[in-house]
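Data first, discussion second: the structure below is written as structure tokens.
The values are calculated or read from the model by the stated rules, or taken from the named source; none is laboratory data. Here the structure is a predicted model, which means the values were calculated and not measured. Cβ placement follows ideal geometry from the backbone for every residue including glycine, while neighbour counts extend to all protein chains displayed.
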Amino acid sequence: MTKKKKYFSIKWKLLLVSVFLVTVPTISLGVLSYKTLREEAYKNVKEDLAIIVKNWQITTKSYIDQMDRVLRREEVLVEKSLGFVSLDAKKMIALVKNSSDEIWSKEEIDVLFDIISDIRISRSGYVFVVGENGKYFIDKKKDNTGKDFKEGLISSNKDLWDRIIYKAKNLKGDDQYFIEHYQWQDSDSPKVRNRVTAFTYLPDLKLIVGACTYYTDFKSYELKRILREELTREIARESIGKEGYIWVINSNGEYIVSKDRLRDGENIILSRDEKGAYFIKDIIDSAKRLNFGDVFSRTYFWKNVGENKPQKRLSYIGYVKEWDWIIGASAYHEDFLSGLEIIKIHILIVCFIFIVLGSLVAYLIATFISAPIQNLERISILAASGNLDVDVHKDMIDTGDEIERLADSFGIMINHLKTKMQEIEKAKDSFEVSNISLVQEIKEREKVEVELLQKNKEILESERTLKNLLAESQAMHKELKDAQSQLLQAEKLAAIGQLAAGVAHEVNNPAGFIKSNLYVLHDYMKIYNQAITVLQGIIKAFEQDNMADARKHVEVIQNIEKKEDLEFIKNDVDNLLDESKTGIERIRKIVLDLKSYARESSNEMKEESISDIIEQALNIVWNEIKYKAQVKKYYGKVPKVICNAQKISQVIINILINAAQAIEDQGLIVIKTYFKDGHVCVEISDNGEGIEEKDIKNIFDPFFTTKPVGKGTGLGLNVAYDIVKMHEGTISVDSKRGSGTTFTVSLPLNKN
């Protein structure tokens, strides 16, 4: 009874201690793992949102800089055109009033009004004449005669007229004018518009002539509006995760870009958070204090159109001062933390399994310790009853303690008696067994000799058959390799055909602005040639000591410099050449990559950088991807791998084309490289429509395709599989319908 009590006591004590030692560390590790994963997920989302906002800041600034350059070029041309018009109008006035008498007759005024009012500049520009007293002498409307020019100026420009009078009276020469930019409000319109005017002066008549037009008449002004609308559409198309998006408001709180464009134009500056604070106003104030490229974050609850309740979301925000754009990238907590709930459940399950297994192991250990005592008890009872055939060590476990030593001593005693009896029985039976074994062995040997003779004949016949099959197999193998090479080149040419339109588009883009730059350079060269011709005349006049002719040429070159703004042309030529060089380099890179890809490759292998191969493939298929997906690249630190760069590029291109075709709307393609277990790995993931489970097992079969007729040959992935296999590597696919697809290509660093 005491034994039993001790036996159960040891077992249950061990069980309780083991459960405690397993449970506490397991639960602690689970809690720590979940917390670490949550923090890492939150950190990654914050980094991604910050990068997205900064990218859109850079893109918007690029649009603005591009438009400023175009507007400046057109502004220079418009200023020159207005100057010529003002000078022409000045000459017309001088012809109408051919005397220095300041008194104008009614007939002269009517003739002058008809002439001046017929002059139109672009869509809404016109010519006007103002006296030194600031009163209109001639305007586009006859009713404005005698009205004050300053009435059209906004309050911040009231001193403009004094500046105009000062500059006009200081003009030197009859062909001189000056330019003014200011804000203007017509008497028949409440709208304030930006206006540019060329002024010239008739000192004898004390009249100032102005030729004006509005910025809204500029072609580049309309282009600016079109590019701005295009940029807002691009922003609205980008999504973040399942529910996240990009939004844009101005400093007045009006939506420029809202989710799905449903709230564009709506003013949200009075929106409050869950504590009643005007958090949008706070966001606007904080954003306006930022430098370009800086961002900050806010977490708040927000409800969009069609949503039942406000959801907690994280936003990163930046500011583009030139357009007064506050750009934000938002992601919902429920969206990017939903995967952690599944991980949390998995951690709980693992903890439960560890606790159960720990309890089971504790029970087995307790049983392991107590079992030898029970076995020794059973054997002792059998031996005491006269049964010497018992095996003391049969069910005994090596414990290395006093129980084992006791069992050993008891076993030695029983085995000593048992051995003596076995020796007698063995001597009796050994002779009979020897005779029987000898006869049996002779019969077996005769039977084996007959079988060996028969087998030898069959082996000779099989050898002849195998030689014939080997010859046929070698011939078939050569034919198969030739067919495989043709198939690889055919699939490569098919891919080139599919990419041709996209590559042409990628080439046309830089070619377009190179062509435009050449036209502008052509115009600039005309001006430079004119200036060079005059300079040659100056040199010739100096050589002939003809100072009068030299002065005339100097006046001509001064007029050219004033009219054409040679300093601006000089700076613009450098910009145009730099832009053209960049475009030509882009075209050269595309052509070289496509040429390298299309060339029929040999089987030569050498050390290559896997990231360089991926970049070459992306350069070829970029036009297929850029309108459908955002590409994110995460290149790990991997060594160079021995491979055939052209063939591995063909594998990458096939996977990227499939990824782009699987994406219905604006999606995401993620490319990762890493080194694992002696292999360089490339992982390409997309968030497209995915692959049906029943199709995955056939995905690498030749001529298998799920695309419509004309969209694919069914050879792309089969060719990719063969290329990777030729490199002693592996290619695998992980996909689920509706959840995207991941292809993993693994190439060994050391090949056989």
Margin query: If I ask for residues that are over 22 Å from TYR215 (Cβ atoms) and in a strand (DSSP E or B), which ones from region 99-133 would you list?
Written below: VAL129, GLY131
Item checked: Residue list for region 210-234, filter: at pLDDT 85 or above and buried (at least 20 other Cβ atoms within 10 Å of the Cβ) -> GLY210, ALA211, CYS212, THR213
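Conditions (1) modelled with pLDDT of 85 or more; (2) surrounded by fewer than 17 Cβ atoms within 10 Å (Cβ to Cβ), marked per residue:
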{"site": "LEU87", "(1), (2)": "yes, no"}
{"site": "LYS90", "(1), (2)": "yes, no"}
{"site": "LYS97", "(1), (2)": "no, no"}
{"site": "TRP104", "(1), (2)": "no, yes"}
{"site": "GLU108", "(1), (2)": "no, yes"}
{"site": "LYS135", "(1), (2)": "yes, yes"}
{"site": "HIS181", "(1), (2)": "yes, yes"}
Check: Within region 134-232, which strands (runs of 3 or more DSSP E) (wholly inside it) include 2 or more residues that are assigned by TED's automatic domain parsing to the domain that holds SER62 and among the basic types (Lys, Arg)?
Finding: 192-202
Note to self: So, in region 271-303, how many residues would count as being more than 21 Å from GLN57 (Cβ to Cβ) and among the hydrophobic types (A, V, I, L, M, F, W, C)?
What the structure shows: 4
Next item on the list: Return yes when GLN616 is more than 15 Å from the chain's Cα centre (by Cα), assigned to a helix (DSSP H, G or I) and under 20 Å from ARG237 (Cβ atoms) and no when it is not.
Entry: no
Note to self: Could you tell me how many of the residues in region 252-263 are buried (at least 16 other Cβ atoms within 10 Å of the Cβ) and assigned to a loop (DSSP other than H, G, I, E, B)?
What the structure shows: 3
Next item on the list: With respect to GLY667, determine if the residue is in the same structural domain as PHE743 (by TED's automatic domain parsing), closer than 23 Å to ASN55 by Cα and touching a residue at least 24 places away in the same chain (Cβ under 8 Å).
Entry: yes
Notebook entry, point to check: So, in region 698-734, of the ones that are hydroxyl-bearing (Ser, Thr, Tyr) and touching a helix residue (DSSP H, G or I) at 6+ places or on another chain (Cβ under 8 Å), which residue ends up modelled with the highest pLDDT?
Noted result: THR730
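Yes or no, residue by residue, for (1) assigned to a loop (DSSP other than H, G, I, E, B); (2) more than 20 Å from LEU49 (Cβ to Cβ):
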site	(1), (2)
LEU270	yes, yes
ALA277	yes, yes
LYS281	no, yes
SER286	no, no
LEU290	yes, no
GLY293	yes, no
SER297	no, no
TYR300	no, no
LYS312	no, no
